[in-house]
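Just below is one structure, and these are the notes that go with it.
The values are calculated or read from the model by the stated rules, or taken from the named source; none is laboratory data. Since the structure is predicted, the reported quantities are computational estimates derived from the model, not experimental observations. Note that we place each Cβ from the backbone using ideal geometry, even for glycine, and neighbour counts take in every protein chain shown.
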Amino acid sequence: MKTRDRLRIAMQKSGRLTEPALDLLNRCGLSFRQSRDKLFLFGEGEPVDLLLVRDDDIPGLIAQGVCDLGIVGRNVLNEFKLSTTGLEAEPLNEWRPLGFGRCRLSIAVPQELDYEGPQHLEGRRIATSYPGLLGEWLRTHAVKAGVVTLAGSVEIAPKLGTADAICDLVQSGGTLVANQLRETEVLLESEAVLAGPLTLPVDERGDMLELLLKRLDGVIQVRESRLLLLQTSRATLEAVTRLLPGGPQPTLMPVAGQPDQLMLQALCAGEVSWRQLEEIKKAGAREMFVLPVEKMLA
Ligand SMILES: Nc1ncnc2c1ncn2[C@@H]1O[C@H](COP(=O)(O)OP(=O)(O)OP(=O)(O)O)[C@@H](O)[C@H]1O
Ligand SMILES: O=P(O)(O)OC[C@H]1O[C@H](OP(=O)(O)OP(=O)(O)O)[C@H](O)[C@@H]1O
Ligand SMILES: [Mg+2]
């Protein structure tokens, strides 16, 4: 296959992962010109292009070398890996978890059924769109069950009498409740991931990927972070510091003309609540600011 000098990332054309994936890439400084057919987005600043496809096709496109990377659910990536075990396929790697598209792959049974563990499924039929992941779980638990593969609307199968249980994605659990099903086993915790081959290409694309990974780390690490700024006297510094939400050591700066005062800057791992701020203020802090963090480059 002809080698490319531009990095090509496959992502979902239209679905749950589309908006958050584009937003993440934008935050990494990548922008794209839309082509008329919208299946290929040309990168404007950096040499990175996007291919817009069905999410199920993403791992295969990477394995074939048509794309260098893909943004896809771990559920789809791992199912693909299992479907190609033993074949001469390019092994795929999860380069980064991306923190969106969170869901789980679970087994659910009709609500009225007494479920007492995996053995309950022995000899039963389980409907799923993930035969590889389900098959692996059944083997691990030494359960022999029939796997009924369906492309969608899996939750309806028990009511139709075509299966006794299901194995499908769950997020809020609303679809299970609406179909009188009860979640009994979690097979996989999933989220969108950056997938790619095991090794970086040794050319300009590899350099670009390295840069992209650093930017992604900068964006992902700080996405939930807040920068807390406050002023305190040296006398109350210890009490104030003790109350700071988790994160690296705060930075202290002198305040011009007030030798007794210090400016404190702390990167907090998550949201800082009003309650926490009020407690810190009681301990002696004033002039407090909580700021969102957009980028970080260590
Ligand atoms: N509630 C949810 N249900 C299903 N998938 C979810 C949910 N929340 C997050 N996801 C993740 O989003 C991914 C894409 O979901 P979506 O429903 O858009 O896929 P799809 O219908 O297979 O789309 P496509 O048309 O690209 O094949 C899933 O593979 C999963 O990783
Ligand atoms: O736990 P919940 O929040 O209810 O989400 C889970 C449901 O969402 C997905 O279906 P989707 O809505 O994408 O429909 P589809 O299967 O027809 O694509 C998934 O296949 C479940 O059915
Ligand atoms: Mg799909």
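Listed here are the residues, each with its yes/no results for (1) within 16 Å of ligand 3 (Cβ to nearest atom); (2) of a type in the set (D, E, K, R).
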| residue | (1), (2) |
| --- | --- |
| 32 | no, no |
| 49 | no, yes |
| 57 | yes, yes |
| 62 | yes, no |
| 68 | no, yes |
| 89 | no, no |
| 96 | no, yes |
| 99 | no, no |
| 109 | no, no |
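Is there a residue being more than 20 Å from residue 201 (Cβ to Cβ) and surrounded by 16 or more Cβ atoms within 10 Å (Cβ to Cβ) anywhere in the stretch 58-72?
Taking every residue of the stretch 58-72 in turn, none turns out to be more than 20 Å from residue 201 (Cβ to Cβ) and surrounded by 16 or more Cβ atoms within 10 Å (Cβ to Cβ).
Quick check: anything in the stretch 205-222 among the charged types (D, E, K, R), assigned by TED's automatic domain parsing to the domain that holds residue 95, crowded, with 16+ Cβ neighbours inside 10 Å and more than 23 Å from residue 99 (Cα to Cα)?
The answer is yes; a qualifying residue exists.
Restricting to the stretch 13-51, name every residue that is under 20 Å from residue 220 (Cα atoms) and in contact with a Lys or Arg (Cβ under 7 Å, 6 or more places away or on another chain).
Within the stretch 13-51, 28, 29, 48 qualify.
Here is a list of conditions, (1) more than 20 Å from residue 80 (Cβ to Cβ); (2) surrounded by 13 or more Cβ atoms within 10 Å (Cβ to Cβ), and residue 161 meets all of them except one; can you say which number that is?
It fails just one condition, (2).
Do you know which residues across the stretch 221-236 are without any contact (Cβ under 8 Å) to a residue 60 or more places away in the chain and within 12 Å of residue 292 (Cβ to Cβ)?
224, the sole residue that qualifies.
For every residue, the table says whether it meets (1) at pLDDT 95 or above; (2) more than 13 Å from ligand 1 (Cβ to nearest atom); (3) over 27 Å from the mean Cα position of the chain (by Cα).
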position: 120; (1), (2), (3): yes, yes, yes
position: 143; (1), (2), (3): yes, yes, yes
position: 155; (1), (2), (3): yes, no, no
position: 172; (1), (2), (3): yes, no, no
position: 193; (1), (2), (3): yes, no, no
position: 200; (1), (2), (3): no, yes, no
position: 205; (1), (2), (3): no, yes, no
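Only one of these is away from ligand 2 (no atom under 16 Å from the Cβ) and either more than 20 Å from residue 95 (Cα to Cα) or of a type outside the set (A, V, I, L, M) (or both): 41, 69, 52. Name it.
Being away from ligand 2 (no atom under 16 Å from the Cβ) and either more than 20 Å from residue 95 (Cα to Cα) or of a type outside the set (A, V, I, L, M) (or both) holds for just one of 41, 69, 52, which is 41.
What are the residue pairs meeting all of these: first residue in the stretch 97-110, first residue closer than 24 Å to residue 24 by Cα and assigned to a strand (DSSP E or B), second residue among the β-branched types (Val, Ile, Thr) and more than 11 Å from ligand 2 (Cβ to nearest atom), Cβ atoms under 7 Å, and 6 or more apart or on different chains?
From the stretch 97-110, the pairs are 97/193; 104/186.
Just checking: which of the strands (runs of 3 or more DSSP E) contained wholly in the stretch 1-75 hold 1 or more residues that are touching a residue at least 60 places away in the same chain (Cβ under 8 Å)?
Strands (runs of 3 or more DSSP E) meeting the threshold: 7-12, 48-53, 69-73.
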